[in-house]
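One structure is given below, encoded as structure tokens.
The values are calculated or read from the model by the stated rules, or taken from the named source; none is laboratory data. Everything numeric here is computed off the predicted structure, so don't read it as measured data. All Cβ positions, even for glycine, are placed from backbone atoms using ideal geometry, and neighbour counts span all protein chains on display.
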Amino acid sequence: MSLSARFGAVIVNYRCAPLALDAALSFLGDGGGRAVIVDNASDDGSPDYIEAAMRGGAHAPESPPDPLPGRAVRFADPARLAPGRLSVLRSKTNGGFAAGCNAGLRLLAAAPKIDRLLLLNPDALLAQGALLAFAGRLMDDSAGLCGASVVAFDAPHRVQAFGGAAFDAVLMTGRNIGEGETLAQAPDRRSIEARLDYPLGAAIALRKDYLSRAGYLDERYFLYYEEIDWARAGGGAYRPVWAPEAVVYHRYGAASKSERRVAGESSQRSPLSDYHMTRSRVLFAAKWRPPLAPLAMLAGGAQAARRYLRGRPRNGAAVLRASLPGSPRRFPFSTAAHTDD
């Protein structure tokens, strides 16, 4: 069995079936063994769309325009896959990203021929050769969660992160390493890993034995902060690493309905995204840095005020609610409008 075929991938979908299917097909087209699309109770017919494509229904994968040299995406044909290589797991409720990932991970962890795992965002695509690059880096026994070279979907494919992010333990915010640069500007792997605190969630590779050390993702996080939490759960025995040759194309915010026009610019988060980012930051502080939890709530209040002052009242209301004790796991406002006018 090839190294790529030993990988199983989990793609969590919520109302973005064509993107999730493309992500899975890019994984399988790169030689991956088995892909599971976990549908988090989408109400738009997403599971039916995917299963229809597996029976030969219409689906046209979208490749990155003008891909990087030697980094094209190869999509598997969903109608020609061997039984079991692609499956849809229908969740009865939307328990959030971590819960969806865990459902898929538990299914793959029981598969006898799968000993490498990949969490792949529905708005991400693997370039050819990514799985072999992940496999090579994971041969290091001390490797924990492994990040990719994540680049923008649109040309000129600026870097979103070399591996992932550095984390400020006081402000409890992450900063993507290398954002806005080009792949040609990639530094030495060791210099990146010295700064790397967690991999970017667009694509996270790991060995199955990481689960025995760190456990599954903490499902108290509905969205965001799962990566840094999971990386910390691995403890000192496993450190986050980077596979430089594992290139992943990523449509920023396609799943969360946030906007970023150019890599390196600040994002225009949707109210939903703002809510969960703030709520998860407070949860992370309470879990890992309890004395800083009140500071995280105060920071959320200050951020809410800035949103109001900048004419984004929906975002301000979302951040303020998320900063308060007892904020609900699910977004408590209407999602009919994702951004302020």
Please go through segment 154-211 and pick out each residue that is of a type in the set (A, V, I, L, M), in a loop (DSSP other than H, G, I, E, B) and in contact with a strand residue (DSSP E or B) (Cβ under 7 Å, 6 or more places away or on another chain).
177, 186, 196, 200, 202
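Conditions (1) over 17 Å from residue 67 (Cα atoms); (2) crowded, with 22+ Cβ neighbours inside 10 Å; (3) at pLDDT 95 or above; (4) in contact with a Cys (Cβ under 8 Å, 6 or more places away or on another chain), marked per residue:
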site: 126; (1), (2), (3), (4): no, yes, yes, no
site: 131; (1), (2), (3), (4): yes, yes, yes, no
site: 144; (1), (2), (3), (4): yes, yes, yes, no
site: 148; (1), (2), (3), (4): no, yes, yes, no
site: 166; (1), (2), (3), (4): yes, no, yes, no
site: 170; (1), (2), (3), (4): yes, no, no, no
site: 189; (1), (2), (3), (4): yes, no, yes, no
Need the failing condition index for residue 295 against (1) assigned to a helix (DSSP H, G or I); (2) loosely packed, with under 13 Cβ neighbours inside 10 Å, just the number.
(2)
Condition first: of a type in the set (D, E, K, R) and surrounded by 17 or more Cβ atoms within 10 Å (Cβ to Cβ). Now tell me which residues in segment 36-60 satisfy that.
39, 51
The residue from 24, 72, 53 that alone is of a type in the set (Gly, Ala, Ser), closer than 28 Å to residue 115 by Cα and touching a helix residue (DSSP H, G or I) at 6+ places or on another chain (Cβ under 6 Å) is 53
Between a residue in segment 12-23 that is on the phi > 0 side of the Ramachandran plot and any residue that is crowded, with 24+ Cβ neighbours inside 10 Å, which pairs come within a Cβ distance under 8 Å, given they are 6 or more apart or on different chains?
15/46
So which pairs qualify, if the first residue must be in segment 54-70 and of a type in the set (Asp, Glu), the second must be not in a loop (DSSP other than H, G, I, E, B), the Cβ gap must be under 7 Å, and the two must be at least 6 apart or on different chains?
62/22
Can you tell me which of 8, 33, 29, 84 is over 26 Å from residue 280 (Cα atoms) and surrounded by fewer than 17 Cβ atoms within 10 Å (Cβ to Cβ)?
84
Would you check if residue 248 is buried (at least 22 other Cβ atoms within 10 Å of the Cβ) and either at pLDDT below 95 or not aromatic (Phe, Trp, Tyr) (or both)?
yes
Residue under evaluation residue 66, criteria (1) closer than 26 Å to residue 128 by Cβ; (2) outside any loop (DSSP other than H, G, I, E, B), criterion not met:
(2)
Determine which single condition residue 9 fails, assuming it passes every other condition in (1) out of contact with any Gly (no Cβ under 9 Å at 6 or more places or on another chain); (2) touching a residue at least 60 places away in the same chain (Cβ under 8 Å); (3) closer than 12 Å to residue 126 by Cα.
(1)
Whether any residue in segment 205-215 is hydroxyl-bearing (Ser, Thr, Tyr), touching a helix residue (DSSP H, G or I) at 6+ places or on another chain (Cβ under 7 Å) and either at pLDDT 95 or above or under 21 Å from residue 108 (Cα atoms) (or both) is what I want to check.
no
Among the residues of segment 100-125, which ones are assigned to a strand (DSSP E or B) and either free of Cβ contacts under 8 Å to residues at least 40 places away in the same chain or in contact with a Lys or Arg (Cβ under 9 Å, 6 or more places away or on another chain) (or both)?
116, 117, 124, 125
Can you report the number of residues in segment 126-142 which are touching a residue at least 12 places away in the same chain (Cβ under 8 Å), hydrophobic (A, V, I, L, M, F, W, C) and assigned to a loop (DSSP other than H, G, I, E, B)?
2
